[in-house]
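> Sharing a structure, written as structure tokens. Questions coming.
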Amino acid sequence: MVDIVKSSDNVAVSIGNFIDEHNGGDVLVIDIKDQSSWTDYMIIATISSMGHLKGLVKQLKEMLSDNSIDILMRHKQIADDGWELIDCGSYVIHLMNSEMRDFYNLEKLWFSGNIVFQSSKSS
């Protein structure tokens with residue numbers, strides 16, 4: 001179990017680290033509090049396969065639950081389009097295959113945000 005110290009930046013960075021440790025690629029945690037009225041952090045990572053996505057989502061949901069971080073909208077099935085969004089209110093997590101990530105380029109959309117975590121791994 002990963003215990004998270006409950007400051008907003010620490011929580012966001014801990015989620016980014018968790019995803020990085022579970023082989024999420026090119027993990028970015030962007031502080032967008034000044035650009036967004038509906039969330040504080042955008043967390044983006046690349047997954048390598050549908051199996052990787054399913055496993056990572058399961059482990060991530062367990063970690064969030066263990067740390068009393070609520071997931072606002074739950075669904076049982078993971079979409080087979082290669083993009084899973086996990087909305088935790090202040091933290092919005094995007095796990096995407098490389099094609100989806102390249103196409104939607106969320107980093108460019110939130111370019112004016114402050115990067116508070118960036119993994120050293122590349123997918």
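> Using beta carbons and a limit of 7 Å, which pairs, at least six apart or on different chains, have the first residue in segment 80-106 and farther than 15 Å from Y41 by Cβ and free of Cβ contacts under 8 Å to residues at least 40 places away in the same chain and the second one small (G, A, S) and part of a loop (DSSP other than H, G, I, E, B)?
Pairs found: E99/G82; M100/G82.
> Checking the conditions here, which among M100, M63 is part of a helix (DSSP H, G or I) and in contact with a Gly (Cβ under 7 Å, 6 or more places away or on another chain)?
Selected residue: M100, the only one of M100, M63 that is part of a helix (DSSP H, G or I) and in contact with a Gly (Cβ under 7 Å, 6 or more places away or on another chain).
> Criterion first (assigned to a loop (DSSP other than H, G, I, E, B), at positive phi, loosely packed, with under 14 Cβ neighbours inside 10 Å and out of contact with any Ser or Thr (no Cβ under 6 Å at 6 or more places or on another chain)) does S37 satisfy it?
no
> May I ask you to say which residue of S37, S68 is free of Cβ contacts under 8 Å to residues at least 40 places away in the same chain and within 16 Å of F18 (Cα to Cα)?
Being free of Cβ contacts under 8 Å to residues at least 40 places away in the same chain and within 16 Å of F18 (Cα to Cα) holds for just one of S37, S68, which is S68.
> Name the single residue that is nearest to Q59 (Cα to Cα) among those in segment 3-42 being modelled with pLDDT of 95 or more and of a type in the set (F, W, Y).
F18
> Give segment 66-95 a look and list any residue that's of a type in the set (G, A, S) and assigned to a helix (DSSP H, G or I), or say none.
none
> Next up: Which condition number does E99 fail, the rest of (1) closer than 18 Å to W110 by Cα; (2) surrounded by fewer than 17 Cβ atoms within 10 Å (Cβ to Cβ) being met?
Failed condition: (1).
The values are calculated or read from the model by the stated rules, or taken from the named source; none is laboratory data. Predicted, not measured: the structure shown is a model, and the values here were computed from it. Cβ sites come from the backbone with ideal geometry, for glycine too, and all protein chains shown count toward neighbours.
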